[in-house]
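Visitor: Structure provided below as structure tokens; questions to follow.
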Amino acid sequence: MTRIRTLGAALLLTALGSAVGLAGADTLLKLDARADTAAPQTGYLKLGAARAPKGQTLAANNQYLLQDGKPWLPVMGEYHFSRAPASQWDAQLRLMKAAGIDIVASYVFWNHHQEQPGAFDWKGNRDLRRFVQLAQAAGLKVIVRLGPWAHGESRYGGIPDWVVDAMPTRSNDPEYMGHVERLYAEIGAQIKGLLWKDGGPVIGVQLENEYNLRGPGRGEDHIRALKVLALKAGMDVPLYTVTGWDGTVYPSGEVTPVFGGYPDEPWATSTQELAPKETHAFRFNTRVSGDLGAQTQSHAPGTAETDKDKVPFLGAEYGAGLPAMYRRRTLVSPDDIASMLPVQLGSGVNLLGYYMFHGGRNPIGVGGTGLEESSLSGGYNDTPRISYDFQAPLGPDGQQRQVLTRLRPFHYLLRDYGAQLATMTVRQPERVPADPADLQTPRWSVRSKGDSGFLFFNNHVRQYAMPAQTGVRFEVQLPGGTLTLPSKPADIPNGAYFVWPLNLDLDGVNLRYATAQPVARVDAGPQGIIHVFAPTPGVEAEFALADGVKTLSSEGAQLLPIGKTDGKAKGRAVSVLLLSAEEVEQLSVLEIAGQRRLVFSQQQAWVADGKLQLRGLATEPLRAAVFPSLPKPRAAGLVVQQDGVLQRLTFKADTSEPVLQVSATRSARNAPRVLKGGLANAALQPIPEAFGTAATWSLRLPEKLAQQAEDVLLELDFVGDIGRVFAGTRLLDDWYYNGQRWQIGLKQFGLKPGQALSLSVLPLRADAPVYIDAAHRPTFAEGQTQVAELRGARLLPVRRVAITP
């Protein structure tokens, strides 16, 4: 078999692998998966036009989505076009596609387009039509979240002030619905000709959001009336969705509920760590995952609870990060987010939808009005005026965060094996945790159909150490017999989470099980079909085949031939490739020059105009390794080396870090006490006058600001309450301190060489009743009452190169 070392070492060919016999069982975790899988039912959901001009179809039954008649388990990511520069849309949508996203979702914030009565604004950063067209060009489908009430941490949930001031909202009030009808007509005109039935990418629309209001002109009647308006506006699409959590109500059968979950609650009022969240615990009897922060309270079960067997389990708001809220500033780790994935998939999710996948910034309204949610305008939460970073996998300026490297392997798994998973039924183990706070009982499930399935396991809970599960073996009863794995007891450490296959068909070769996670399938031409796997932390990688169990080391990538293909391509070699954990984090699976390839890089990698794009800091070399090799890669400054089967591509660093001149201009004065109140009866963001106590610094840009760079990031490391950056009196960005480095892409602002920016930091008081994770909450010396410090400021030039294949 072939052994590929880690990317920094040479590729070697060695004969490895040994068959091992079954060891005696230690602690068995048992599950019975012998029951039949119920046949899917159709006809209940009233879908819109589902056939495209060239015959492609999109449909849904009560279990899963179908594309061209085949089960489809897509990944959806939220990216708000009106919170991002239009100049970035194309590259960012392609980055999302490269990360394994299939559908991009976006709110249409009404007050971003009609802040005042009269004409709508669909130009520039508000050009919905161009955004949808670029999404289609990037290979993405689109779901448009219509509102009229969106939430999204926006002012009045996105409803314009002039509407809120003059009439009842979120009901069938005739005056309100007249304005909503015009809004929907405007949106319909923007996406006319871009619907699925037209050959376009728009496959669905969402009506309202978190709607749990009941009474005359509300509830089911209101959602039904909104659907009528959407259809009147020409929005005839396959899917009509509503959010299904927090007791929402809707007309069953007319729309499909979507669900979500977050690893913490920034909207909560506690200043302490929260109890373990439902998002890290498998659910077998409900699809609703705890408190998702709806602005209104429900006093009765929602429609989704009785719809469970009638509609598929679709997700839309599994938090790929968390928003910044003044009173509670949670900073999540990559594992806090990624460990939710096996839980949600193992609980039956058949559309993995994220909120947010890409961060953004709020536009400023007419006359300087902030369009963010704020207690000053009656909101339940205080949020930054500008920043909508959300700790998302892609930052507001396209920065790749570490969490993205954890999520991508799951996305690729769903792309290549999701059609099988979508049809599988959730199976409950003999023993399950009593509740989300039970940290001792192993957390796992199986989804199966017949003798095939996937085993899901999670041993990570945010801010709680989980016991190592020692001496573990799983016993899964299937119709054709019992499968016990691994061959000998394994210790599963705290923090581990994974998906293992059971009787997975690998192009005609049956993989009885693997204690490694499937990632992707690659046709490597003369080298055959390769199925890529990721290792499980702390567990030896076993691949159980007809001729025994093979073990592979996870220290470096290893290729194990397992058989030959059957069917039309009978006789081609089939292999499994086990990567190291480091290689998995660097992996992108991209279509380049008509072939799917593995691209390993610490920098961002995607495809545009048929070329491989790499993006990273200009002060560092850009490197990638490609398999199978590109035919004739070429670009200015590119060095190409063949290293075994890996083709290495390198660009030298092309600039030094620009010098930012930093000087203190004002010392902090005593900040006023943080008050409590508002709808949440919790800490309130200080009033504007309070910022007069802020410490300030001048940040003077160099005369030559890396002109050849695609962007220059201003990175700030401060400790305080709230940071703000100004160009003169223009507020560019703001930030609630939470321990995360603050980065701002400067190119979008059109700044002049040598221009001085101003940073202000409002002091954080020692007695401020706000939550900051313990690892990042400042330690105050005896007698110290506040802190406002700038620990570092630097400029990071970013470059992008394009490689012709």
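The values are calculated or read from the model by the stated rules, or taken from the named source; none is laboratory data. Small disclaimer: the values here were computed from a predicted structure and weren't measured. As a convention, Cβ positions derive from the backbone with ideal geometry for all residues, glycine included, and neighbour counts pool all protein chains shown. What goes into the accessible areas is simple: the full protein's heavy atoms, side chains included, and nothing from ligands, DNA or RNA. Shrake-Rupley method; radii C 1.70, N 1.55, O 1.52, S 1.80 Å.
Visitor: Return a yes/no flag: does the stretch 243-254 have any residue that is part of a loop (DSSP other than H, G, I, E, B), touching a residue at least 60 places away in the same chain (Cβ under 8 Å), out of contact with any Leu (no Cβ under 7 Å at 6 or more places or on another chain) and open to solvent by 30 Å² or more (accessible area, probe 1.4 Å).
Guide: Looking for residues that are part of a loop (DSSP other than H, G, I, E, B), touching a residue at least 60 places away in the same chain (Cβ under 8 Å), out of contact with any Leu (no Cβ under 7 Å at 6 or more places or on another chain) and open to solvent by 30 Å² or more (accessible area, probe 1.4 Å), one finds at least one in the stretch 243-254, hence yes.
Visitor: Let me ask you something else. Of everything in the stretch 170-201, what is part of a loop (DSSP other than H, G, I, E, B), surrounded by fewer than 23 Cβ atoms within 10 Å (Cβ to Cβ) and not polar (S, T, N, Q)? Give them in sequence order.
Guide: R170, D173, K192, G193, L194, G199, G200
Visitor: Right, another one. Taking the stretch 310-369, which residues are of a type in the set (A, V, I, L, M), open to solvent by 10 Å² or more (accessible area, probe 1.4 Å) and over 25 Å from Q272 (Cβ atoms)?
Guide: I364, V366
Visitor: Quick check on this structure: which one of T369, T383 is hydroxyl-bearing (S, T, Y) and more than 25 Å from V242 (Cβ to Cβ)?
Guide: The match here is T369.
Visitor: Looking at (1) in contact with a Pro (Cβ under 6 Å, 6 or more places away or on another chain); (2) farther than 18 Å from L660 by Cα, which is the one condition that is false for L731?
Guide: All conditions are met except number (1).
Visitor: Taking the stated definitions as given, is K227 part of a helix (DSSP H, G or I) and closer than 21 Å to R51 by Cα?
Guide: Spelling it out, K227 is indeed part of a helix (DSSP H, G or I) and closer than 21 Å to R51 by Cα.
Visitor: Would you call L483 of a type in the set (A, V, I, L, M, F, W, C) and within 21 Å of A320 (Cβ to Cβ)?
Guide: Judged against the criteria, L483 is not a match.
Visitor: Which ones in the stretch 710-728 are more than 15 Å from Q740 (Cβ to Cβ) and either open to solvent by 20 Å² or more (accessible area, probe 1.4 Å) or more than 26 Å from the chain's Cα centre (by Cα) (or both)?
Guide: Scanning the stretch 710-728 gives E710, R724, V725, F726, A727, G728.
Visitor: Is it the case that the stretch 668-685 has a residue that's buried (at least 19 other Cβ atoms within 10 Å of the Cβ) and under 29 Å from Q613 (Cβ atoms)?
Guide: Scanning the stretch 668-685 turns up no residue that is buried (at least 19 other Cβ atoms within 10 Å of the Cβ) and under 29 Å from Q613 (Cβ atoms).
Visitor: Only one residue in S154, S87 is of a type in the set (S, T, N, Q) and out of contact with any Phe, Trp or Tyr (no Cβ under 8 Å at 6 or more places or on another chain), so which one is that?
Guide: S87
Visitor: Next question, about the same structure. Within the stretch 598-612, how many residues are open to solvent by less than 10 Å² (accessible area, probe 1.4 Å) and farther than 23 Å from F533 by Cα?
Guide: 2
Visitor: Right, something else. For the stretch 638-652, does any single residue satisfy the condition of being among the hydroxyl-bearing types (S, T, Y) and within 30 Å of W606 (Cα to Cα)?
Guide: yes
Visitor: If only one of L511, L485 is assigned to a strand (DSSP E or B), touching a residue at least 24 places away in the same chain (Cβ under 8 Å), under 27 Å from G567 (Cα atoms) and not acidic (D, E), which one is it?
Guide: Answer to the selection: L511.
Visitor: Filtering the stretch 766-788 down to residues that are crowded, with 16+ Cβ neighbours inside 10 Å and over 23 Å from D264 (Cβ atoms), which residue is farthest from the chain's Cα centre (by Cα)?
Guide: Q786
Visitor: Residues that are of a type outside the set (D, E), without any contact (Cβ under 8 Å) to a residue 60 or more places away in the chain and open to solvent by less than 10 Å² (accessible area, probe 1.4 Å): list the strands (runs of 3 or more DSSP E) wholly contained in the stretch 19-135 that include at least 1 such residues.
Guide: 103-107
Visitor: Among the residues that make up the stretch 429-436, is at least one of them open to solvent by 10 Å² or more (accessible area, probe 1.4 Å), within 26 Å of G69 (Cβ to Cβ) and of a type outside the set (A, V, I, L, M)?
Guide: no
Visitor: Of all residues in the stretch 729-746, count the ones that are open to solvent by 20 Å² or more (accessible area, probe 1.4 Å), outside any loop (DSSP other than H, G, I, E, B) and in contact (Cβ under 8 Å) with a residue 40 or more places away in the chain.
Guide: 2
Visitor: Strands (runs of 3 or more DSSP E) wholly in the stretch 559-627 with at least 1 residues that are within 27 Å of L134 (Cα to Cα) and either over 21 Å from the mean Cα position of the chain (by Cα) or free of Cβ contacts under 8 Å to residues at least 24 places away in the same chain (or both) - which ones?
Guide: In the stretch 559-627, 587-592, 595-600, 604-608, 611-617, 622-627 are the strands (runs of 3 or more DSSP E) which contain 1 or more residues that are within 27 Å of L134 (Cα to Cα) and either over 21 Å from the mean Cα position of the chain (by Cα) or free of Cβ contacts under 8 Å to residues at least 24 places away in the same chain (or both).
Visitor: Something else now. Of the conditions (1) under 26 Å from L66 (Cα atoms); (2) modelled with pLDDT of 95 or more, Q190 fails just one. Which one is it?
Guide: Status for Q190: all satisfied but (1).
Visitor: Still on this structure, I have one more. Could you check the stretch 153-169 and list, in sequence order, the residues that are crowded, with 20+ Cβ neighbours inside 10 Å and either of a type in the set (K, R) or assigned to a helix (DSSP H, G or I) (or both)?
Guide: Within the stretch 153-169, R155, Y156, G157, G158, V163 qualify.
Visitor: Could you list, in sequence order, all residues of the stretch 366-394 that are farther than 28 Å from A119 by Cα, in contact with a helix residue (DSSP H, G or I) (Cβ under 9 Å, 6 or more places away or on another chain) and not acidic (D, E)?
Guide: Correct list: N381, Q391, A392, P393, L394.
Visitor: Residue under question is A150, and the condition is that it be in a loop (DSSP other than H, G, I, E, B), in contact with a strand residue (DSSP E or B) (Cβ under 6 Å, 6 or more places away or on another chain) and open to solvent by less than 40 Å² (accessible area, probe 1.4 Å); does it hold?
Guide: yes
Visitor: Return the total of residues in the stretch 514-544 being open to solvent by 10 Å² or more (accessible area, probe 1.4 Å), part of a strand (DSSP E or B) and either more than 26 Å from N459 (Cα to Cα) or at pLDDT below 95 (or both).
Guide: Final tally of qualifying residues: 2.
Visitor: Give me the residue from the stretch 277-300 that is part of a loop (DSSP other than H, G, I, E, B) and at pLDDT 80 or above and, out of that set, most open to solvent (accessible area, probe 1.4 Å).
Guide: Within the stretch 277-300, the match that is most open to solvent (accessible area, probe 1.4 Å) is N285.
Visitor: Next question, about the same structure. Among (1) touching a residue at least 12 places away in the same chain (Cβ under 8 Å); (2) over 19 Å from E542 (Cβ atoms), there is one condition T441 misses while meeting the rest; what is its number?
Guide: Status for T441: all satisfied but (1).
Residue by residue, here is whether (1) in contact (Cβ under 8 Å) with a residue 40 or more places away in the chain; (2) of a type in the set (A, V, I, L, M, F, W, C); (3) closer than 23 Å to S339 by Cα holds:
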{"residue": "P479", "(1), (2), (3)": "yes, no, no"}
{"residue": "N494", "(1), (2), (3)": "no, no, yes"}
{"residue": "L504", "(1), (2), (3)": "yes, yes, yes"}
{"residue": "A516", "(1), (2), (3)": "yes, yes, yes"}
